[in-house]
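The values are calculated or read from the model by the stated rules, or taken from the named source; none is laboratory data. Here the structure is a predicted model, which means the values were calculated and not measured. Because the Cβ atoms are built from the backbone with ideal geometry, glycine has one as well, and the counts that use them run over all protein chains shown.
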Amino acid sequence: MAEELTVSSHIKHHLQNLAFGRKHELVDEQNNLWEPTGSWGFATSSSEAAQMGFWSIHVDTMLMSITLGALMMWYFRSVAKKASAGVPTAMQNFAEWIVEFIDTTVRGSFSGGKTTFVAPLALTIFGWVFLMNLMDLVPVDIIPFLVQHTTAYFVADLSPHEVYFKIVPTTDINAPLGMAITVLLLIIFFSIKIKGVGGFFGELAFQPFGKKMLPFNFALEVVTLLAKPFSLAMRLFGNLYAGEMIFILIAIMYSAGMVIGSLGALLQVGWAIFHILIITLQAFIFMVLTVVYLDMAHQEHH
């Protein structure tokens, strides 16, 4: 039986991911005791999604991020195949402007050598994060509504309100954290490649206070190393999650009558315009800090 639709449940519904994992059933409501059923499927409540634990998959995050990544690759591939030395098309102009912008930014931030890997990485990060952030400008109910009713049509025992779907991957901490962990692995890889294993661990052990302060140095440097990707992820997630929450709160104003609804429409437009700056800035910051961290990984400290 679907829960009663209230403002609170509406907000919670929009902030819940579509989780797929091992199904659980509530056996003791008073003590909130759940037991696994042995079957796998989609969670039909936030409580069941929480019980699925670490090995559950946020299907909406995966689907949206992969789709947007494929869309970005398709766009640049299409432009590259049709590029000509003559009068460029609007698509070619836009692609060349993005590539030139990224290349200029990387050259100004990366001094560790050739940018044959870093520049494409920066372009991928900026384009992908920007597209994922851009989904926050799509009205909050349109795509979830379509997914809910389509899924409920094919799965007979599901009602539309039992289907969750978040269309902004960067409002799910798993997506920013996954990208940030990849950045951390690249930092470690290039640090070891440039400085060697001894040089990498030597920096962790002997910087910044010398050999006599080895335990303190190591603890400080490890925390600093781990803080880089963590801060990347939390900055992106926090800004986009807050932005989505404001859009949801504004959307609720439409149900409060003509006057409040008209005010909500004005606020929606104003916040959307301001949010264009936020989503672009967050993509740019994630890209620039990644380039800066990789540049630091290429620098040898003596």
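Data overview
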item: Some residue of segment 70-81 being under 23 Å from Gln16 (Cβ atoms), surrounded by 14 or more Cβ atoms within 10 Å (Cβ to Cβ) and either in contact (Cβ under 8 Å) with a residue 24 or more places away in the chain or in contact with a Ser or Thr (Cβ under 7 Å, 6 or more places away or on another chain) (or both); result: no
item: Breaking point among (1) under 30 Å from Ile250 (Cα atoms); (2) in a loop (DSSP other than H, G, I, E, B), for Lys12; result: (2)
item: Test: residue in segment 37-58 that is closer than 19 Å to Leu131 by Cβ and of a type in the set (Val, Ile, Thr); result: no
item: Residue in segment 232-254 that is polar (S, T, N, Q) and either within 28 Å of Lys114 (Cβ to Cβ) or loosely packed, with under 15 Cβ neighbours inside 10 Å (or both) present; result: no
item: Unique residue being under 19 Å from the mean Cα position of the chain (by Cα), farther than 13 Å from Asn133 by Cα and free of Cβ contacts under 8 Å to residues at least 24 places away in the same chain when the list is Ala227, Ala219, Ala242; result: Ala227
item: Among the residues listed as Met234, Met213, Met179, the single one being out of contact with any Phe, Trp or Tyr (no Cβ under 6 Å at 6 or more places or on another chain), part of a helix (DSSP H, G or I) and either charged (D, E, K, R) or modelled with pLDDT under 80 (or both); result: Met213
item: Yes/no for Leu123 being in contact with a strand residue (DSSP E or B) (Cβ under 9 Å, 6 or more places away or on another chain) and either in a helix (DSSP H, G or I) or modelled with pLDDT under 90 (or both); result: no
